[in-house]
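This report refers to the structure that appears directly beneath it.
The values are calculated or read from the model by the stated rules, or taken from the named source; none is laboratory data. Given the structure is predicted, the values throughout are model-derived calculations rather than measurements. As a convention, Cβ positions derive from the backbone with ideal geometry for all residues, glycine included, and neighbour counts pool all protein chains shown. Quick note on the areas: whole protein, heavy atoms, side chains included, nothing else; ligands and nucleic acids left out. Shrake-Rupley method; radii C 1.70, N 1.55, O 1.52, S 1.80 Å.
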Amino acid sequence: MTATAPTAPAPPPGTAPRAAAPRPPAVRRRWIEHGLVFTAPFLLLYALFLVWPLLLGLRMSLGDDDITGAGGGFVGLDNYAEALGDPDVWSSLGNTVWFTLLSTAPLVLAGLVMALLAHHLRVVQWLWRLSWFAPFLLPSGVVGLLWLWMIYPSDFGLADLLLGSLGLDSGIGWLTDTRYAMLSIVLTTVWWTVGFNFLLYLAALQAIPQHLYEAAELDGAGAWHRLRHITVPMLGRTTGVVVILQLLASLKIFDQVYIMTGGGPDESTRPILQYVYEAGFTGYRIGYASAVSYVFFALIVVVSLVHLRMTRRFREGAAQ
């Protein structure tokens, strides 16, 4: 007895057999398979608003363009040579690096501490999260004017009133003394932007498996050991992301300095981006300002590559 293969049911009477759907052309099929059809709008906007301005700025940095449209002749690398020998470039770059060093560690540590508190507090937890993240939603102009007119004014600002209530000397020139101006801007920036790091850490804390803490408690581990051996290692990737994002954000400081001090006193707080702005829109030297901005861009690229290299080596060492 032999088995017979099942046959397809015959089409109903009066209906024509369905023809096979035509296959799309090879090029169209390849675009669909690689998703280029869906990414093409983004790639077009990316090239139009990022790649093209980047190339245009590079061309301008090689010329003597000014904001009035005059000039435009090719000068080669003269703008870059002048920028590397300009003491104002190096002083403003030093202010930017100093601000980055002062602000990065507090922003990372404060964000972690706030996330730990919000994660373990059980009373009105939503209020703590909202109040700590809310300042990050304020525009830079609002933050700068708030601290300029309410916190830092001498004799009647909240900062001086707090010092006076503690029996300390008040009347400090928070934004007019070279010893305190940069620290005042760092304090303002920490209050304003720490909510973003807090949110990243809070999301990472909620993703840590709870059974790790339960197993550690069964083994007799206390709160400090659980924090040191479970929480901190599990937050390693998030800390790396927070650090690199904070470094890049601090290097690009401009708004709060321009509003609160204008780069003073004695240009002790002027960042590199403010110098680029002054060279291009006050000195009318667009070509030179473009060259300075590309020197700064090279610095940011170097910082990013060094951080990625150090992170990779740390992960390789931890894996071994």
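List of remarks:
- Zero-based 10 Å bins, Cα pair distances in the chain, whole percents: 5, 16, 21, 21, 15, 8, 6, 4, 2, 1, 0
- Estimated dipole of the chain in Debye, rounded to 20 [Cβ of Lys and Arg +1, of Asp and Glu -1, Cα centre]: 1980 debye
- Annotation: for a label point projected 7 angstrom from Cα along Cα→Cβ of Val232, residues of the range 109-124 with backbone N closer than 20 Å are 109-120.
- Here the extension length gained between Thr68 and Gln125 equals 15.0 nm, from 0.36 nm per residue of separation less the Cα-Cα distance.
- Expressed as a fraction of 2.2 N^0.38 Å, the value expected for a compact globular protein of N residues, the C-alpha radius of gyration of the range 39-144 is 1.74.
- Gap separating the Cα centres of the range 191-234 and the range 246-320, nearest whole Å: 32 Å
- Heavy-atom accessible surface of Ile300, to the nearest 10 Å², is about 30 Å², with a 1.4 Å probe and all protein chains retained.
- Solvent-accessible area of the range 35-74 (1.4 angstrom probe, protein heavy atoms only): carbon and sulfur portion equals 81 percent.
- Cα→Cβ-extended label distance, 7 Å offset, between Phe156 and Phe38, nm: 6.0 nm
- Leu299 contributes an accessible area of around 50 Å² to the protein surface, as traced by a 1.4 Å probe with all chains present.
- Gain on full stretching of the segment that runs from His211 to Val301 - 0.36 nm per residue minus C-alpha separation: 28.4 nm
- C-alpha long axis of helix 286-319 to longest principal axis of the chain, angle in °: 60 degrees
- Approximate shape of the range 92-226 as ellipsoid semi-axes (Cα gyration tensor, √5λ), whole Å, largest first: 35, 17, 16
- Note on Ala81 and Leu56: their simple-model spin labels are 2.9 nm apart, each label 7 Å out from Cα toward Cβ.
- Å² of accessible area per residue within the range 142-213, as computed with a 1.4 Å probe and no ligands counted: 53 Å²
- FRET efficiency, Ala47 to Val113 (Cβ-Cβ, R0 41 Å, nearest 0.05): 0.45
- Sorted largest first, the spans of the alpha carbon positions of the range 176-278 along the three principal axes are 61, 24, 15 Å.
- Angle in degrees between helix 181-206 and the longest Cα principal axis of the chain, rounded to the nearest 10: 20 degrees
- Taking 7 Å steps out from each Cα toward its Cβ at Leu218 and Val241 produces label points 3.1 nm apart.
- Scattering curve values for the range 219-320, log₁₀ I(q)/I(0), Debye with Cα scatterers, q = 0.09, 0.10, 0.14, 0.18 Å⁻¹: -0.41, -0.48, -0.73, -0.93
- Among Tyr213, Val108, Pro271 the positive-end extreme of the charge dipole of the chain (Cβ point charges): Tyr213
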